[in-house]
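J.: I'd like to ask you about the structure that follows.
The values are calculated or read from the model by the stated rules, or taken from the named source; none is laboratory data. As the structure is a computational prediction, the values presented were derived from the model and not from experiment. Note: ideal-geometry Cβ built from the backbone for every residue, glycine included; neighbour counts use all protein chains shown. The accessibility values were calculated without ligands, DNA or RNA, using every heavy atom of the protein model including side chains. Shrake-Rupley method; radii C 1.70, N 1.55, O 1.52, S 1.80 Å.
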Amino acid sequence: MTTIDDKQDIIQYVPFMSFVHPSFWHSLTDMKLNVDKLNENTKQIYGRYSYRDDIISVLEVDGTSFNKDPETEFHYINVTGTLMNKNTIEDFKNIDKAALINSVGEIMRANIQIKSWIDNPNSLLNFFVLSFADLKKFHYYYWFAFPAPSQPVVCLKEKCKNISTCFNEKQIKEISQSYQLLEISQKCFFAIVKDGDLYNVVTLSKILDKNRNKDEESNIDLTNTFFAFADHSNCENPGWPLRIFLAALFEYCPDLSKTIIKVIGIRCSKNGAINNSQIYNITVPETPQNVGWVGWERNERGNFGPKLANMSSSMDPVKLADTSSDLNIKLMKWRLVPDLDVTIMKETKCLLLGAGTLGCHVARDLLAWGFRHITFIDSGKVSYSNPTRQVLYTYQDCLNGGRRKSEAAADNLKLILPTVQSKGLVFHIPMPGHPIGESLKDETVTNIELLTEAIKDHDVIFLLLDTREARWLPTLISAHYGKITINAALGFDSYLVMRHGISSAQEETSINSTFVSGDQLGCYFCNDVTAPGNSLKDRTLDQQCTVSRAGVAAIAGALAVELLVGTLQHPLRVKAPAVYNLTDEELDPKLQGVLGPIPHSIRGFLHSHQTVLPTCTKFKQCIACSEVVIGKYKEEGLDFLMNVFNSGTYLEDVTGLSELQLTAEMTEILTLSDEDQDTTSI
């Protein structure tokens with residue numbers, strides 16, 4: 001303590017030290033990403049402190065500090081605080097710290113002047129946190145302030161002494177018990193009043209009158225009254241709360257500065273003992289002038305400056321990966337697309353039929369858009385030719401005969417993002433025109449059941465298979481269950497990406513010169529007039545593999561995912577209309593989604609670097625999604641499917657395509673016959 005004269009020592013207050021639990025940064029990160037976004041508005045938080053006789057006491061904040069109501073424990077004092085989190089490190093550095101603490105101090109001064117603290121003493125004590133959260137590196141810059149007035153200068157009339165010098169053991173115990181019975185909001189500042197041989201713990205509202213004019217003479221019996229506060233200090237000097245308490249008392253009654261005030265710093269341990277409490281006899285030697293506000297915390301080097309919490313190593317790496325992976329999408333929502341629905345991507349379950357070049361690219365793009373439920377179906381194994389084109393596989397996956405593609409893809413997806421829910425299913429998809437022998441019938445039935453269950457359990461089906469006929473059964477089952485279906489197919493330097501309509505009923509098609517209703521869009525097979533056959537028969541090596549330019553799969557995979565995302569973000573979802581024949585200026589905003597209009601299909605040609613957007617409606621004789629085919633599937637089930645697999649023409653007969661082809665042939669013959677007759681007559 002410094003000396004003002006030979007008899008009086010100026011009080012040196014013990015400032016608070018802040019302690020931030022890692023859970024506080026977790027909560028701040030979550031709130032910044034999901035609630036505040038780019039909003040810099042201040043928010044109310046809570047901290048707490050208690051007396052510790054073994055170590056330096058701290059004011060601590062944790063994950064619960066953001067709760068609407070603070071956590072309560074009998075030996076802790078809750079303190080209301082304010083958090084101001086800036087968006088940039090420049091704003092954090094450049095803000096005027098003196099002006100900031102003075103502005104907070106003026107709010108506290110107003111509270112003191114209206115005397116609301118008499119009923120709610122805990123409101124006297126406040127703290128402030130200025131912060132910047134670098135969510136890319138998980139570095140958190142922060143600076144605590146505990147605002148208190150710089151005046152008055154307060155002195156000790158005599159050296160502080162232990163509570164036991166003025167109270168006997170019984171009285172100390174009674175004071176402790178009465179203190180613990182106080183309401184939480186009254187424990188920070190209160191009074192102890194002597195009544196005969198008894199000492200009563202009372203709230204400030206019992207001895208201070210809110211309606212009193214501060215110029216009136218004080219009616220407080222200072223001889224028998226001790227003002228008390230919850231003291232966090234474990235040395236002779238009183239803790240920081242006394243500073244603001246004395247300022248409030250002198251504002252309430254300036255005459256107190258002409259007297260000796262007795263103050264007890266209650267130091268209550270976890271077991272409720274207050275034996276280490278200190279008594280201070282206080283005087284004010286001069287009238288306060290030019291009152292300012294102080295309270296910024298010193299950093300680890302003892303200087304006034306911010307601290308840094310580097311949480312990149314201490315935070316759960318899996319949680320870090322999950323949080324960081326969503327950052328780009330959330331920034332997109334904050335800055336560019338405020339109506340973007342981030343949640344729907346997280347909740348949508350995607351089934352990828354095919355884990356080859358297309359499947360790998362689609363899976364990676366789904367991860368980038370925030371999808372977290374991805375299942376692969378593929379019966380193949382990873383070969384040495386795969387890793388250079390199929391981006392989810394490595395050399396290690398090729399060893400010992402090669403891992404199953406679907407399982408390797410699912411596992412490697414988790415290596416990229418551990419929180420993704422991914423699995424691989426291994427089975428063969430039965431195909432039209434590929435006869436099923438008696439020995440394979442049971443296996444085929446099992447495969448059909450597995451495929452059906454997988455499609456039922458997912459929201460979106462991606463058809464990324466090598467052959468046309470392999471897409472038939474998933475297209476039929478997806479149409480039957482009304483699933484969103486995205487199809488992607490590759491040529492050498494061309495690609496097709498399209499979405500299927502989901503309505504199986506042949507309703508009147510909503511079509512005009514500008515758009516087609518989404519539920520009436522055709523499927524992959526709606527432009528065909530022949531059933532798919534066995535395209536694998538008599539193939540040479542170059543015909544057995546999908547041979548395409550290196551960039552085709554990446555382009556088609558990206559467009560397939562973008563087509564899905566655009567559909568999910570459209571208010572009509574799968575019924576979003578396919579728009580065509582319109583410029584951007586002519587386009588009705590009602591037809592657009594959050595990310596713009598959604599085409600039915602996209603055909604690209606790399607040799608000319610051109611893209612076209614064809615649109616077609618459902619074909620009533622479609623071999624996959626027509627009412628007659630879905631009806632047959634519902635009625636006959638497995639028998640219908642077996643007939644399709646064992647016959648290359650069965651679907652054509654069922655849908656009437658055979659008759660249509662015969663009619664077309666007869667028309668051509670008759671046309672030729674008429675031309676011959678005309679020539680003869682000439």
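J.: In this structure, does residue 433 turn out to be at positive phi, touching a Gly at 6+ places or on another chain (Cβ under 7 Å), open to solvent by less than 30 Å² (accessible area, probe 1.4 Å) and not basic (Lys, Arg)?
T.: Working: at positive phi: yes; touching a Gly at 6+ places or on another chain (Cβ under 7 Å): yes; open to solvent by less than 30 Å² (accessible area, probe 1.4 Å): yes; not basic (Lys, Arg): yes.
Yes: the conditions hold for residue 433.
J.: Right, next: Would you confirm, using the coordinates I've provided, whether residue 475 is touching a His at 6+ places or on another chain (Cβ under 6 Å) and either open to solvent by less than 10 Å² (accessible area, probe 1.4 Å) or closer than 25 Å to residue 576 by Cα (or both)? Don't jump to the end; show me each part of the working.
T.: Working: touching a His at 6+ places or on another chain (Cβ under 6 Å): no; either open to solvent by less than 10 Å² (accessible area, probe 1.4 Å) or closer than 25 Å to residue 576 by Cα (or both): yes.
No: the conditions fail for residue 475.
J.: Still on this model: I'm checking my understanding of the structure. Among residues of the stretch 71-83 that are open to solvent by less than 30 Å² (accessible area, probe 1.4 Å) and part of a strand (DSSP E or B), which one is nearest to residue 125 (Cα to Cα)?
T.: 79
J.: Name the residues in the stretch 564-617 that are at pLDDT 85 or above, assigned to a strand (DSSP E or B) and closer than 20 Å to residue 338 by Cβ, would you? Talk me through it step by step, then tell me what you get.
T.: Of the residues in the stretch 564-617, the ones at pLDDT 85 or above are 564-578, 594-617.
With the extra rule that they be assigned to a strand (DSSP E or B), the set shrinks to 578, 596, 598, 601-605, 610-612, 617.
Once the filter is applied, which keeps residues that are at pLDDT 85 or above, assigned to a strand (DSSP E or B) and closer than 20 Å to residue 338 by Cβ, the stretch 564-617 yields 596, 598.
J.: Could you check residue 252 against (1) open to solvent by 80 Å² or more (accessible area, probe 1.4 Å); (2) at pLDDT below 90; (3) within 51 Å of the chain's Cα centre (by Cα) and say which number it fails?
T.: Condition not satisfied by residue 252: (1).
J.: Shifting gears a bit: State which residue is surrounded by the fewest Cβ atoms within 10 Å (Cβ to Cβ) when the search covers only the stretch 340-356 and only residues that are in contact with a Gly (Cβ under 8 Å, 6 or more places away or on another chain) and part of a helix (DSSP H, G or I).
T.: The residue in question is 346.
J.: Go through the stretch 622-646 residue by residue and tally those that are open to solvent by 40 Å² or more (accessible area, probe 1.4 Å), in contact (Cβ under 8 Å) with a residue 24 or more places away in the chain and either in a loop (DSSP other than H, G, I, E, B) or over 21 Å from residue 502 (Cα atoms) (or both).
T.: First, the residues of the stretch 622-646 that are open to solvent by 40 Å² or more (accessible area, probe 1.4 Å): 627-628, 632, 634-636, 638-639, 643, 646.
Checking the rest, the ones that are also in contact (Cβ under 8 Å) with a residue 24 or more places away in the chain come to 627-628, 634, 638, 646.
Subset that is either in a loop (DSSP other than H, G, I, E, B) or over 21 Å from residue 502 (Cα atoms) (or both): 638, 646.
Matching residues across the stretch 622-646 total 2.
J.: Kindly check whether there is at least one residue in the stretch 30-45 that is open to solvent by less than 30 Å² (accessible area, probe 1.4 Å), touching a residue at least 60 places away in the same chain (Cβ under 8 Å) and under 24 Å from residue 239 (Cα atoms).
T.: Checking the stretch 30-45: at least one residue is open to solvent by less than 30 Å² (accessible area, probe 1.4 Å), touching a residue at least 60 places away in the same chain (Cβ under 8 Å) and under 24 Å from residue 239 (Cα atoms).
J.: Which one is nearest to residue 353 (Cα to Cα) among residues in the stretch 387-408 that are open to solvent by 30 Å² or more (accessible area, probe 1.4 Å) and touching a Pro at 6+ places or on another chain (Cβ under 7 Å)?
T.: Checking each candidate, the answer is 394.
J.: Separate question: Could you run through the stretch 357-384 and say how many residues are open to solvent by 10 Å² or more (accessible area, probe 1.4 Å), more than 14 Å from residue 414 (Cα to Cα) and assigned to a loop (DSSP other than H, G, I, E, B)?
T.: 6
J.: Show the residue pairs that are 6+ apart or on different chains and have beta-carbon atoms under 6 Å apart, the first residue being within the stretch 446-457 and touching a residue at least 60 places away in the same chain (Cβ under 8 Å) and among the hydroxyl-bearing types (Ser, Thr, Tyr), the second being part of a helix (DSSP H, G or I) and open to solvent by 10 Å² or more (accessible area, probe 1.4 Å).
T.: Every condition considered, no pair remains.
J.: Now for a different question. Of the conditions (1) in a loop (DSSP other than H, G, I, E, B); (2) more than 18 Å from the chain's Cα centre (by Cα); (3) surrounded by fewer than 16 Cβ atoms within 10 Å (Cβ to Cβ), residue 308 clears all except one; give me its number.
T.: The single condition residue 308 does not satisfy is (1).
J.: Turning to a different aspect of this structure: For a quick check of your reading of the model, give me the residue pairs whose first member lies in the stretch 47-71 and is more than 30 Å from residue 236 (Cβ to Cβ), whose second is of a type in the set (S, T, N, Q) and open to solvent by less than 30 Å² (accessible area, probe 1.4 Å), with beta-carbon atoms closer than 8 Å and at least 6 apart or on different chains.
T.: 70/78; 71/78
J.: Considering only residues that are assigned to a loop (DSSP other than H, G, I, E, B) and surrounded by 14 or more Cβ atoms within 10 Å (Cβ to Cβ), which ones fall in the stretch 313-336? Full working, then the answer.
T.: Initially, the stretch 313-336 is screened for residues assigned to a loop (DSSP other than H, G, I, E, B), giving 313-316, 326, 336.
Hits for the stretch 313-336 are 315, 326.
J.: Any residue at all in the stretch 269-277 that's open to solvent by less than 40 Å² (accessible area, probe 1.4 Å) and not in a loop (DSSP other than H, G, I, E, B)?
T.: Looking for residues that are open to solvent by less than 40 Å² (accessible area, probe 1.4 Å) and not in a loop (DSSP other than H, G, I, E, B), one finds none in the stretch 269-277, hence no.
J.: Within the stretch 76-124, track down each residue that is basic (Lys, Arg) and more than 30 Å from residue 135 (Cβ to Cβ). Explain how you work it out, then say what you get.
T.: If we filter the stretch 76-124 for residues that are basic (Lys, Arg), which is where we start, we get 86, 93, 97, 109, 115.
Listed by number, the residues that qualify are 109, 115.
The rows are residues; the columns are (1) of a type in the set (Val, Ile, Thr); (2) closer than 25 Å to residue 325 by Cβ; (3) in contact with a Pro (Cβ under 9 Å, 6 or more places away or on another chain); (4) buried (at least 16 other Cβ atoms within 10 Å of the Cβ).
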residue	(1), (2), (3), (4)
11	yes, no, yes, yes
27	no, yes, no, yes
65	no, no, no, yes
69	no, no, no, no
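J.: Looking only at the stretch 12-70, count every residue that is part of a loop (DSSP other than H, G, I, E, B) and of a type in the set (Val, Ile, Thr) and tell me the total. Talk me through it step by step, then tell me what you get.
T.: Residues of the stretch 12-70 part of a loop (DSSP other than H, G, I, E, B): 12-13, 15-17, 21, 37-42, 50-58, 62, 67-70.
Adding the requirement that they be of a type in the set (Val, Ile, Thr) leaves 42, 55-56, 58.
Summing the residues that are part of a loop (DSSP other than H, G, I, E, B) and of a type in the set (Val, Ile, Thr) in the stretch 12-70 gives 4.
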